[in-house]
1. What angle, in degrees between 0 and 90 and rounded to the nearest 10, separates the Cα long axis of helix 13-24 from the longest principal axis of the Cα atoms of the chain?
2. Pairs of lysine in the chain with Cα under 24 Å and at least 8 positions apart or on different chains: total?
3. Below 15 angstrom from the Cβ of Ala115, what's the summed charge of the other residues (Lys, Arg +1; Asp, Glu -1)?
4. At 0.36 nm per residue, minus the direct Cα-Cα distance, what do Thr52 and Val100 gain on full extension? Give it in nm, one decimal, please.
5. For the ranges 62-72, 110-120, what's the packing order if you count other beta-carbon atoms within 10 Å of each residue, average per peptide, and put the highest first?
6. Pop out the carbon and sulfur fraction of the accessible area of the chain as a percent, whole number, probe 1.4 Å.
7. Rounded, prolate or oblate: which one fits the stretch 6-92, using the alpha carbon gyration tensor with axes a ≥ b ≥ c (rounded when a/c is under 1.5, else prolate when a/b beats b/c, else oblate)?
8. So, in Å, what gap is there between the alpha-carbon centers of the stretch 55-101 and the stretch 186-211?
Amino acid sequence: MNNKPIIILGGGGHAKVCIDLLMRQKANIIGYTALQSNGLLFGTIPHLGDDTVVDSYNNEEALLVNGVGMVGDSQFRSSLFERFRSKHYAFATLVHDSAVVSHMTEIEEGAQIMAGAVIQAGSIVGKNTIINTRAVIDHDCRIGDHSHVSPGAVLCGQVTVGQNTHIGAGATIIQHLSIGSHVIVGAGSLVRKPVPDRLTVYGIPAEEAYK
Ligand SMILES: CC(C)(COP(=O)(O)OP(=O)(O)OC[C@H]1O[C@@H](n2cnc3c(N)ncnc32)[C@H](O)[C@@H]1OP(=O)(O)O)[C@@H](O)C(=O)NCCC(=O)NCCS
């Protein structure tokens, strides 16, 4: 990580996990933005104001980290990313020191690879996507932008995931499957069949919700 000053967008749980990762890497964190202050985070990281405060920093000098989490079909995280990219701010790509990431992967801008995650050869992780704590992405998977693979989820080899899709905690997606965009896979599910766009599925085996 270079030592450009970093602004964290958001001051909740996901922001704290990002700050912890960055502090371990001795990053230069200026502070966090949020509508309401949560006080000093970890006793040292100050609240700067709401998101509009970012505009007062030069977009070539400050880096952003998207500290807003994503559960279900929330679009807030993706809209923040797009809003500040359109103003030419750059987002830091985070890889926790304990993550195991093959050198034969592509990790795109603003992606966040959290503690204990494993990403195997040939996989691609899209922009602003979270591979959360201890998730496993096996070989040759392609995960689109703004998606979230939750803690402990497993994507077996050659799985494709679209954009803005939430793979729930502990879910398993078997090999060669395609999961669409704006999909929600419930926590603990076992997905054995392709899932088209905009469906919510859950259970073992996973079935479409609300039939
Ligand atoms: C799938 C999910 C989005 C559905 O949420 P919801 O629409 O609020 O659904 P409800 O809680 O109202 O449950 C509706 C029914 O589905 C069942 N259900 C919900 N999620 C389920 C799951 N993951 N596995 C099995 N059954 C599930 C409920 O038991 C309930 O059944 P019932 O009507 O017979 O009682 C949610 O349960 C889920 O799994 N979210 C992912 C959480 C996660 O991964 N968090 C990680 C954060 S880092």
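The values are calculated or read from the model by the stated rules, or taken from the named source; none is laboratory data. If you're wondering where the values come from, they're calculated on a predicted model, not measured in any experiment. Here Cβ is always computed from backbone atoms with ideal geometry, including for glycine, and neighbour counts include all displayed protein chains. Heavy atoms of the whole protein, side chains included, go into the accessibility calculation; ligands, DNA and RNA do not. Shrake-Rupley method; radii C 1.70, N 1.55, O 1.52, S 1.80 Å.
1. Helix 13-24 and the main axis of the chain meet at about 70 degrees.
2. Lysine pairs, 8 or more places apart or on different chains, close enough: 9.
3. Charge balance in the 15 Å sphere: +1.
4. Length gained, Thr52 through Val100: 13.7 nm.
5. 110-120, 62-72
6. Carbon with sulfur: 52 percent of the solvent-accessible area.
7. It is rounded, given that a/c, with a ≥ b ≥ c, falls under 1.5.
8. Using only Cα atoms to place each centre, the spacing works out to 29 Å.
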